[in-house]
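Data block below; observations after.
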Ligand code: NDP
């Protein structure tokens, strides 16, 4: 083998890249990793983690209201956006250091610089103005919020990146998109007291989820006071003389807001990385094309995480990193398993889901049993809140296998994590039925829905 400076060089210090670097270094490999912005990547620095902290912050208004039914008198509460941002930044700084330190304490070398490829084994460390060589190279540069050049006035819009650092909390915000980020931020801003409008081009928000959850969440968000415009699009955004923004939507209505946020998907970060120089093939949206082992067409260059545009979720990038290390350094070729991935939308109420939606299952199975419970969770009895919880199991009537579980309500994300185990394991409805309930919980509904609410036969609902 030629004499390289590193056994592995990782470009991108997010969740996937850091995991691969750390684990490979712990195996005794000579590992370098470069990050141009901040170690931790999207998830830690401007994604999942700060978002969840904002979600917690935005839930207090309702909790203060709910406390009254339980006998508490809460003095009028006030909220300070700058305190939230500063405290969040302190926590993110702590995590950033931890990510970097973890690589170093495993024996890896970290570089705070942009790194680009000069050829299939040579990496240029831009800030240090020098090159290094590596036997294996892993690209884990993630993605960024998709731009919207076709929208006149897009230069006045923010993305989730800026939403974490706004100098002032807006009085009113318009958010375009109907996916995870648009829905989560609509709930965050609304919870913090911002007048919020969601503009979505499709029929119903969250197109990749079970229709019952989508409708029920939409209804609940509207009841809380979030305005949702479906079948709608932003046509243009203009800066007014008073400094605010006019967001003109398709039907011609003008929404006045202090911020307009675009959450219309994410684009893989592949530009200017020297991938062409190294001969790495890219796909239609600029994603790195990889085989089932995360290897590119250049056999010593690999890619994992959002830059490959497979499944844009942190735990998936981490899993792909672990599989990469098994394959590249442990002589144990391992394909990442992308089947049956549980996921949560931290809306309010939350969504937790795993497996097939009813619509997807209908396309693949001749006969389904649908179990559905729609009820007011106990915590909302004394609070007087009318919000309901929804739980749904999709079962293949022939094999009895539970194909999907879909929950809307408090702690749905936590439940989805646990439901992922029986559903991934292919357990049957009877396995759910003979599982003892934990009482009193909301989750006990999942093991006490004994009779199907309706059947679906050859695509048709039978009550
Ligand atoms: P999503 O892919 O979830 O949603 C994008 C939304 O934008 C869709 O509603 C889409 O509509 C709409 N859209 C796309 N292009 C346009 C356009 N040109 N004009 C108007 N609307 C458009 O992306 P997000 O940006 O919300 O999130 C990116 C990824 O990050 C997610 O896929 C997810 O994997 C990950 N993520 C995960 C979270 C979690 O696990 N809780 C939280 C946040 C992000 P349509 O439905 O019609 O295609």
### Task
If a/c stays under 1.5 just call it rounded; otherwise compare a/b with b/c (prolate if a/b is bigger, oblate if not). Do that for the range 223-279, with a ≥ b ≥ c from the square roots of the Cα gyration tensor eigenvalues.
prolate
#### Entry: Degrees between helix 81-105 axis and first principal axis of the chain (Cα, 0 to 90, nearest 10)
40
### Task
Starting with the fewest neighbours, write out 406, 319 ranked by other beta-carbon atoms found within 10 Å of each beta-carbon.
319, 406
### Message
Taking 0.36 nm per residue of sequence separation and subtracting the Cα-Cα distance, how much length would be gained by fully extending the chain between residue 251 and residue 68, in nm to one decimal?
### Response
61.7 nm
### Message
Order these by the 10 Å Cβ neighbour count, fewest first: 290, 456.
### Response
456, 290
### Computed [θ] at 222 nm, deg cm²/dmol, the chain (DSSP H ≥ 4; -39,500 (n - 2.57); rounded to nearest 500)
-9500 deg cm²/dmol
### 380, 190 arranged by Cβ crowding within 10 Å, fewest neighbours leading
380, 190
### Query
How far is helix 211-224 tilted, in degrees, relative to the longest principal axis of the Cα atoms in the chain, given as a value from 0 to 90 rounded to the nearest 10?
70
### Summary
Quick note, the chain: a/c under 1.5 would make it rounded; otherwise a/b > b/c is prolate and the rest oblate (a ≥ b ≥ c, C-alpha gyration tensor); here it is oblate
### Part-to-part distance (alpha-carbon centres) for the range 392-409 and the range 132-198, which is given in Å
33
### Task
Report the label-to-label distance for residue 453 and residue 156 in nanometres (one decimal), using points 7 Å from each Cα along the Cα→Cβ vector.
4.3
### Folded to 0 to 90 degrees: helix 314-329 orientation relative to the chain principal axis, Cα
30
### Task
Would you kindly calculate the mean projected area, averaged across all directions, of the convex hull enclosing the Cα atoms of the range 48-118, in square nanometres?
7.9
### Query
Given 0.36 nm per residue, what is the gain on full extension from residue 374 to residue 428 after removing their alpha carbon distance, in nm?
17.2 nm
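Just so you know, all these numbers are worked out from the coordinates, no wet-lab data involved. Please read these numbers as outputs of a predicted model, since none were measured by experiment. All Cβ positions, even for glycine, are placed from backbone atoms using ideal geometry, and neighbour counts span all protein chains on display.
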